[in-house]
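Have a look at the structure below before the remarks.
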Amino acid sequence: MGTVTIGVSIAVPEPHGSLLQERRAGFGDPAAHGIPTHVTLLPPTEVEEAELPAVEAYLTEVAGAGRPFPMRLSGTGTFRPLSPVVYVRVVQGAEDCAWLQQRVRDASGPLARELQFPYHPHVTVAHGIDEAAMDRAFAELAGFDAQWPCTGFALYEQGADLVWRKLREYTFGVSVVPPQPGHADVERGTIASR
């Protein structure tokens, strides 16, 4: 067995995901159709293929400790000149994303790693293309807005063709508090706390 390149991310749901992917392709980004629209929790990371079962078990634990949260994207930003990226901003749910990515990369888990840049949740809409196209992406998506309840994340693998494919989805844990003696008719559901 060799190594595989994996990533962990929150998918941007339809119809927003396809719309942003098409716009990214329209700005001339050649990687657009190989990358599902997402918010990264773990950037591309090489692991031994034999470690995948341990990675999947660990991500199940991380998801079990998570809870659903509202996500909202609105407006654009850029990492230029540090990095040639234009993105749609995460304006609600950013703290939850930051908490999740820390858990995914926790030193005690199989995906511990340092980041090249400080974590900043975002949705890339242009990467490494000419400046005029980057400016167009920044301007044309400035009015973009989308929101949805985030209920989990997914594990992806990058193929030899550089296309990212979903391996597995992970849903956040929801625990049910058992009924108290004498209160069998009162059963409350609570979201697992962090």
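Bear in mind these aren't lab numbers, they're just calculated from the coordinates by the rules spelled out. Predicted model only: the values in this text are computed from it and were never measured. Cβ: placed from backbone, ideal geometry, glycine included. Neighbour counts: every protein chain shown.
Suppose we keep just the alpha-carbon trace of segment 44-118; what are its Rg and Dmax in angstrom?
14.9, 41
Across the chain, what fraction of all alpha-carbon pairs, as a whole percent, falls in each successive 10 Å bin from zero upward?
Final binned percentages: 9, 33, 34, 17, 6, 2, 0.
Please identify the longest segment of the chain free of exposed GluC sites (Glu not before Pro), where exposed means a DSSP state other than H, G, I, E or B and no more than 15 other Cβ atoms within 10 Å.
Between exposed loop sites, the widest span is 1-113.
Can you work out the Karplus-derived ³J(HN,Hα) for every residue in segment 134-148? Use 6.51 cos²θ - 1.76 cosθ + 1.60 with θ = phi - 60°, whole Hz, and x for glycine or proline.
Here the 3J(HN,Hα) series is 5, 4, 5, 4, 4, 6, 6, 9, 4, x, 5, 8, 8, 9, 6 Hz.
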